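Rule-based calculations on the coordinates, nothing more; no lab input. Here the structure is a predicted model, which means the values were calculated and not measured. Every residue, glycine as well, gets a Cβ built from its backbone with ideal geometry; the counts of neighbours run over all protein chains shown.
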Amino acid sequence: MERFEFNYPAAKPLAGRAEAGVVGSGDLEALYEPDTATALKIIVTTSVDGSHTLWQNFFNRLNALRELPAGRLDINDFGATPGVARLRIEQVFEEAEHAN
């Protein structure tokens, strides 16, 4: 297991907390918590050793494609494909945007 952090400049926080996905064979869990900071702190815990550069490139691309929300994003990965990772992260952001 590896654990690493990334920080990206962020816009305003989303409305509330959210969770998407489950940790299981080939899947990923994404947890978002809003914060008034001006950054998105991302903490990745993954079963895939040596994947730091892949995750960093993934978030660099995501940051280029969309404005990231302020807060904390916890990723618990059990070997998810990049497509599943993107889906779960977009799901958690959408759910948090509409939270009460």
query: Expressed as an acute angle from 0 to 90° and rounded to the nearest 10, what is the orientation of the C-alpha long axis of helix 52-65 relative to the principal long axis of the chain?
result: 30
statement: Charge tally for neighbours of VAL92 with beta carbon under 12 Å away, counting Lys, Arg as +1 and Asp, Glu as -1, is -4
- request: Please identify, among ALA80, ALA64, ALA15, the residue showing maximal mean-square fluctuation in a Gaussian network model of the chain using a 10 angstrom Cα cutoff.
  value: ALA64
Region 44-58-region 68-86 distance, computed between alpha-carbon centres (Å): 10
- request: Of the DSSP beta bridges with both residues in the chain, give the percent that are antiparallel, rounding to the nearest 5.
  value: 65
message: With angles folded into 0 to 90 degrees, how steeply does helix 82-97 sit against the dominant principal axis of the chain? Use alpha carbons for both and round to 10.
response: 20
task: With runs of 4+ DSSP H residues as the only contributors, calculate the mean residue ellipticity of the chain at 222 nm using -39,500 (n - 2.57) per run, divided by the residue total and rounded to the nearest 500.
output: -10000 deg cm²/dmol
